[in-house]
Amino acid sequence: MTIASEYAVWAEGLTKSFKTTKALAGVDLAVRTGTVHGVLGPNGAGKTTAVRILTTLLRADAGRALVGGFDVTAEPARIRSQIGLTGQYASVDEMLTGAENLHLIGRLLGLTRPQAKTRAGELLERFELSHAADRAAKTYSGGMRRRLDLAASLVGGPRILFLDEPTTGLDPRSRGELWSIVRELVAEGVTVLLTTQYLEEADQLADDIAVIDHGRVIASGAPEELKSKVGGQVLYVRPERVVDAAAVSGLLAGIAGREVSVEGDGLAVPVTDTKVMPAAALRLQEAGIDVAEFALRRPSLDEVFLTLTGGPAEDAVPAA
């Protein structure tokens, strides 16, 4: 099996510098055809720079990349004909209506007027925007704009879709709607490369994940594989009374001998000894502390991210 047939996107040793700043220091990527490949990394890790190179918007200083079997440097036009790109911010013209935006893109892609009109109608219906087809995009809500932006990237029927922070700033409901659309596209055979600041998003959508830090891929694999690399499990305890949180934290730290972190209304501590859980349960009972939740689970993707990059997931905001 060749690289081109197995991988929709393949890159080796990509480097890119901006004056004295090294954005990419040898990035390798292998995105399997027909899957969602998540790219995670903290602020300034190089995620967007990598996407810009792979979509032919930027030339790498060194390295090689194939997208859809074509070389990004030697055959950019052939790549552009089969990809779609949705960036971090809506790129539609706010003064045009939803239908006009999609019709314009269709014409720019070489569709005839009837073809462009038909395609625009199909996408407006698919993205539940038909009711707002004749309204200016500037009147759309944030979620509607992002759906229109994604629809715009699909006018040409791309085989490979690059989503660079597609749900930034969206409320949970709008984010969930876009997740459903992404799943539908993959079921239809589209390959998706997704950069995201939401680790839950990567956990929900990605078949494989690459973690980029300081311009290099420092870990890759399926979400569960990455969680396994961190090792051990996590004991999570949510006390019934908030005032008991400090006592629970001290108790867990003493038993596990590890740093305790706050997760929502509860506390979590990594454990490698199976005896920690019953010991903690006994100590909590002896201390008269009632718990609303008590569970042993595998590390979350947030904890994997923290372990791999040395920084919290909140630092992974949109950047180059």
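Of everything in region 218-244 that's in a helix (DSSP H, G or I) and open to solvent by 30 Å² or more (accessible area, probe 1.4 Å), which residue is farthest from residue 42 (Cα to Cα)? Taking the candidates together, the pick is 243.
Taken together, 34, 44 contain a single residue that is in contact (Cβ under 8 Å) with a residue 24 or more places away in the chain, under 26 Å from the mean Cα position of the chain (by Cα) and closer than 20 Å to residue 150 by Cβ, which is 34. Of all residues being buried (at least 18 other Cβ atoms within 10 Å of the Cβ) and at pLDDT below 90 in region 89-105, which is farthest from residue 134 (Cα to Cα)? Just the residue, please. Here the residue is 90.
Within region 54-63, restricting attention to residues that are assigned to a loop (DSSP other than H, G, I, E, B) and in contact with a Leu (Cβ under 9 Å, 6 or more places away or on another chain), the residue that is most open to solvent (accessible area, probe 1.4 Å) is 57. Considered as a group, the residues in region 269-285 that are among the charged types (D, E, K, R) and open to solvent by 90 Å² or more (accessible area, probe 1.4 Å) include one that is modelled with the highest pLDDT, and that residue is 283. Look at residue 76 and say whether it is surrounded by fewer than 17 Cβ atoms within 10 Å (Cβ to Cβ), free of Cβ contacts under 8 Å to residues at least 60 places away in the same chain and farther than 27 Å from residue 5 by Cβ. It is false that residue 76 is surrounded by fewer than 17 Cβ atoms within 10 Å (Cβ to Cβ), free of Cβ contacts under 8 Å to residues at least 60 places away in the same chain and farther than 27 Å from residue 5 by Cβ.
Within region 23-41, the set of residues being part of a strand (DSSP E or B), surrounded by fewer than 21 Cβ atoms within 10 Å (Cβ to Cβ) and of a type outside the set (Gly, Ala, Ser) comprises 28, 32. Hey, does region 106-113 have a residue that's surrounded by 19 or more Cβ atoms within 10 Å (Cβ to Cβ), of a type outside the set (D, E, K, R) and touching a Lys or Arg at 6+ places or on another chain (Cβ under 9 Å)? Taking every residue of region 106-113 in turn, at least one turns out to be surrounded by 19 or more Cβ atoms within 10 Å (Cβ to Cβ), of a type outside the set (D, E, K, R) and touching a Lys or Arg at 6+ places or on another chain (Cβ under 9 Å).
Matching residues to (1) in contact (Cβ under 8 Å) with a residue 60 or more places away in the chain; (2) in a helix (DSSP H, G or I); (3) at negative phi:
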residue: 52; (1), (2), (3): no, yes, yes
residue: 65; (1), (2), (3): no, no, yes
residue: 93; (1), (2), (3): no, no, yes
residue: 117; (1), (2), (3): no, yes, yes
residue: 123; (1), (2), (3): no, yes, yes
residue: 128; (1), (2), (3): no, no, no
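Taking region 69-88 as the range and being at positive phi and at pLDDT 95 or above as the test, no residue passes.
I'm checking my understanding of the structure. Among residues of region 7-19 that are open to solvent by 60 Å² or more (accessible area, probe 1.4 Å) and at pLDDT 90 or above, which one is farthest from residue 79 (Cα to Cα)? So the residue we want is 18.
The values are calculated or read from the model by the stated rules, or taken from the named source; none is laboratory data. From a predicted model like this one, the values you see are computed outputs, not experimental measurements. Positions of Cβ are backbone-derived with ideal geometry, glycine not excepted, and every protein chain shown enters the neighbour counts. SASA here: full protein model, heavy atoms, side chains in, ligands and nucleic acids out. Shrake-Rupley method; radii C 1.70, N 1.55, O 1.52, S 1.80 Å.
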